[in-house]
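The values are calculated or read from the model by the stated rules, or taken from the named source; none is laboratory data. Because the structure is a prediction, the values reported are computed rather than measured. Cβ coordinates were reconstructed from backbone atoms using ideal geometry, including for glycine residues, and neighbour counts include every protein chain displayed.
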Amino acid sequence: MTDEIPRLPSLHSGVVAAATVSVVTLALGFYAAIAVPFGVLALCAAAVAVGRGWRRAAVWAGILLFGGVVAAAVENAPTLVVLVGAGGAVVVWDLLDNAIGLGEQLGREADTRRTEVVHAAGSVALAFAVSAGSYGLYSVVGGGKPLSALVFLLVAVVALTSVLRT
Amino acid sequence: MTASASTGSGSADADADVAVGDGAATPDPTAESTDRTVETTTRETRRWRGISAVALVAGGAGIVLRYPSLFLVGVIGVAYAAYARAATGLSMSLAVERTLSDPAPDPGDEVEVSVTVRNEGESTLPDLRLVDGVPDPIAVTDGVPRHGTSLRAGESATFEYAVTAGRGVHEFDRLLVVGRGMSGAVETRARVPTADVLRCESPFEPVSDVALRALTTRHAGRVETDDGGEGVEFHSTREYRPGDAISRIDWNRHARTGELATLRFRQERSATVVLLLDVREEAYLRPDEDRPHAVDRSVEAATAVFPALLDAGNRVGIAAFGPTEAWLPPGLGTDHRARARSLFSSHDAFSPEAPEADFYFNVRMRRLRKRLPEDAQVVLFSPLCDDQVARFARLVDAHGHLVTTVSPDPTGDDTPGHRLAGAERAARITALRGAGIRVVDVPAETSTEAALASTGKRWSR
């Protein structure tokens, strides 16, 4: 084979990622206008990630959207919207990164629709499950004594993360 | 396994049934060869690294700044980290079946390849990336030999593409599989061995006529010589000698002058010919990537010349002038033709890939001289793009093996460098012709037959 394979990410995942960025940006922007510029920048980063196949751009798309989520949280957006936004940020990065990986291994011309659809469905479903789980936790625990419970939770989080990282 | 169900319908099927998981690879016992093993590697993609850091930052900020929603974002991050952490290597069990629309095409034909992969395991494989191992000399002309899919247990996926067959025996010996779980944190790579063979042989259709030089054996044949005697075409007359056949007496002359003279005809003899192919690395030249290189064209020309010479009653042999040795002594008959055919299509020396071994001119030259029969003439197939082969042609000619050179032109005219190479080659051809060696220049896009016919017209006997 002498032809060069175009190692660019598939467009389907890119479209879904862009749609996710838009939905999350709109939802956050409804409550906190400061999240909108973050969302727009994330959209640009996503476009670069799909157009050029840069992993770093995919990470930036996720981080910028996450920045929008943090900003919205600081502006006191509803907890559920913030949680869905955070899940959305992870989904955006996951879809873009997966598309770039597919592009690197199979090229843009290969038919990869099925695995992309499955991956996107799994990623979105997981994001919803995780967001809903955290929100459930918040509704149950959030009413009582906040500080001590939160500190214990923090300790638990630190312990869990350090265990997970080894 | 579908091997028994799908063979025998004119298509080449070879199935590979492979289970991959926990390092235990079990190649299918019905596969053609048992020494093929599945190579599996599992590695972490580490694509989720950093998610715990984000979780900690968000959670910590949430606590310090007293934003419960930010804190919960941190919880989401931890959940994702746990999700990535929980990923394990996939246990894949795949049956691969490849179908070639024509397992024995002619060179240049398009062959459709269809690959079906079935998930024989119990579990769903959410992310499968399949890369078919297309042999290197083959060009994919339509479709893509790569596919991404996800397969439930028992489900199968098919992808198709088309290749253009080049001369030689090409083995589709593997299918690369990259499997990922849902999170993509762990990647399992497997190399599924397959055994589909694309056998692409030259058609072996003879050209109508090859003019040989006047170096012949004692046996009757069709090469016209300069000697007078029995034959068809008038050669000369000489004085009558007692014992000459009455039928050969020139009666017209006797009627005119009363003298007896004997007619002589051009004698026709058979020849011993060795087709010598230049397969050195220097001969693998082509004007651009899309066109066949000179060795392919030489072999194509030789496969047309060989049967033509054989059909004319000559003894024909084959030799390679290159680092890999190939030698078929001159011979006759159907067996010989079959041997030559398999030599051209599958011998390493005539491989479509340029050789890597070192080439020693003097050693080859000596060995070849030892092997060439005394009365053998040589037809050399070479692009004539370096001086070594020109020197070789002169040496062989000087040793008494009259040389005819068939030279496929690999030079292009798109850059000054290419034009210079073309001019050098033209000068080399002129020099060879000046030294009494016949050269048939076969330009690109011209058939060997046409080139032989148009050049052959100019040759004297």
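Would you confirm, using the coordinates I've provided, whether A:Arg114 is within 30 Å of B:Asp142 (Cβ to Cβ) and part of a helix (DSSP H, G or I)? Yes; evaluated as a whole, the condition is true for this residue. The listed residues are B:Val378, B:Val442, and the only one of them that is β-branched (Val, Ile, Thr) and touching a Pro at 6+ places or on another chain (Cβ under 6 Å) turns out to be B:Val442.
Residues considered: B:Phe265, B:Phe306. Of these, the only one that is surrounded by 23 or more Cβ atoms within 10 Å (Cβ to Cβ) and of a type in the set (Phe, Trp, Tyr) is B:Phe306. Residues that are surrounded by fewer than 20 Cβ atoms within 10 Å (Cβ to Cβ), in the same structural domain as B:Ala302 (by TED's automatic domain parsing) and aromatic (Phe, Trp, Tyr) do not occur anywhere in the range B:330-350.
Considering only residues in the range B:166-180 that are within 14 Å of chain A (Cβ to nearest Cβ) and part of a strand (DSSP E or B), the one that is modelled with the lowest pLDDT turns out to be B:His170. Among the residues of the range A:94-111, those that are within 9 Å of another protein chain (Cβ to nearest Cβ) and either free of Cβ contacts under 8 Å to residues at least 40 places away in the same chain or over 14 Å from A:Val16 (Cα atoms) (or both) comprise A:Asp94, A:Gly101, A:Leu102, A:Gln105, A:Leu106, A:Gly107, A:Glu109, A:Ala110, A:Asp111.
Among residues of the range B:357-370 that are in contact (Cβ under 8 Å) with a residue 40 or more places away in the chain, those with a beta-carbon under 8 Å from a residue that is assigned to a helix (DSSP H, G or I) and not acidic (Asp, Glu) at least six positions away or on a different chain give the pairs B:Leu368/B:Val396. For the range A:33-45, indicate whether the set of residues that are more than 13 Å from the chain's Cα centre (by Cα) and not in a helix (DSSP H, G or I) is non-empty. So far as the range A:33-45 goes, yes, one or more of its residues are more than 13 Å from the chain's Cα centre (by Cα) and not in a helix (DSSP H, G or I). From the list A:Arg114, A:Arg52, the one residue that fits, being surrounded by fewer than 21 Cβ atoms within 10 Å (Cβ to Cβ), basic (Lys, Arg) and within 7 Å of chain B (Cβ to nearest Cβ), is A:Arg114.
When residues in the range B:137-147 are screened for being under 22 Å from A:Gly103 (Cα atoms) and more than 7 Å from chain A (Cβ to nearest Cβ), 4 of them pass.
Among the criteria (1) within 10 Å of another protein chain (Cβ to nearest Cβ); (2) within 32 Å of the chain's Cα centre (by Cα); (3) among the β-branched types (Val, Ile, Thr), the one B:Ile63 does not fulfil is (2). Can you confirm whether the range B:438-448 contains a residue that is more than 26 Å from the chain's Cα centre (by Cα), surrounded by fewer than 20 Cβ atoms within 10 Å (Cβ to Cβ) and among the hydrophobic types (A, V, I, L, M, F, W, C)? Looking for residues that are more than 26 Å from the chain's Cα centre (by Cα), surrounded by fewer than 20 Cβ atoms within 10 Å (Cβ to Cβ) and among the hydrophobic types (A, V, I, L, M, F, W, C), one finds none in the range B:438-448, hence no. Determine whether B:Val163 is within 22 Å of the chain's Cα centre (by Cα) and in a strand (DSSP E or B). Considered against the rule, which asks whether it is within 22 Å of the chain's Cα centre (by Cα) and in a strand (DSSP E or B), B:Val163 comes out as yes.
Within the range B:148-163, the set of residues being hydroxyl-bearing (Ser, Thr, Tyr) and within 11 Å of chain A (Cβ to nearest Cβ) comprises B:Thr149, B:Ser150, B:Thr158, B:Tyr161. The condition (being buried (at least 18 other Cβ atoms within 10 Å of the Cβ), of a type in the set (Gly, Ala, Ser), part of a strand (DSSP E or B) and modelled with pLDDT of 85 or more) is satisfied by just one residue among B:Ser183, B:Ser150, B:Ser236: B:Ser150. Within the range B:90-120, the set of residues being assigned to a loop (DSSP other than H, G, I, E, B) and either within 14 Å of chain A (Cβ to nearest Cβ) or crowded, with 20+ Cβ neighbours inside 10 Å (or both) comprises B:Leu90, B:Pro107.
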